[in-house]
1. Out of (1) without any contact (Cβ under 8 Å) to a residue 12 or more places away in the chain; (2) at negative phi, what's the single condition that is false for Gly50?
2. Looking at the range 37-50 only, could you name the residues that are surrounded by 12 or more Cβ atoms within 10 Å (Cβ to Cβ) and either touching an Asp or Glu at 6+ places or on another chain (Cβ under 8 Å) or not aliphatic (A, V, I, L, M) (or both)?
3. Please indicate, with yes or no, whether at least one residue in the range 21-36 is exposed (fewer than 10 other Cβ atoms within 10 Å of the Cβ) and modelled with pLDDT under 95.
4. Taking the range 7-63, which residues are touching a Gly at 6+ places or on another chain (Cβ under 8 Å) and assigned to a loop (DSSP other than H, G, I, E, B)?
5. If Leu9 satisfies every condition in (1) out of contact with any Ser or Thr (no Cβ under 8 Å at 6 or more places or on another chain); (2) open to solvent by 100 Å² or more (accessible area, probe 1.4 Å) but one, which is the exception?
Amino acid sequence: MKREKHLGLRVELETFQKLKYIAKYEGRSLSGQTIYLANQCIREFEKDHGPITLEDLEAIQNA
């Protein structure tokens with residue numbers, strides 16, 4: 001199974017431009033910044049709700 005997945009996002013132009021600005025400021029590509037933010041969101045979620053388990057992921061995939 002492929003370890004990486006493509007994720008296409010549609011965002012408002014202003015949001016895109018601001019994310020690009022922040023990414024450049026942080027020394028990341030826009031893709032890298034998006035991955036950073038997604039990982040940050042996962043860490044915060046798991047901190048509040050506990051780890052997301054393999055069983056959780058399988059349940060979502062089979063739903």
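The values are calculated or read from the model by the stated rules, or taken from the named source; none is laboratory data. Bear in mind the structure is a predicted one, so any value in this text is a computation, not a measurement. In this analysis, Cβ positions are derived from the backbone assuming ideal geometry, glycine residues included, and neighbour counts consider all displayed protein chains. These accessible areas exclude ligands, DNA and RNA; they are computed on the full protein's heavy atoms, side chains included. Shrake-Rupley method; radii C 1.70, N 1.55, O 1.52, S 1.80 Å.
1. (2)
2. Scanning the range 37-50 gives a single hit, Phe45.
3. No, the range 21-36 has no match at all.
4. Passing the criteria: none in range.
5. Here Leu9 meets the rest and fails (1).
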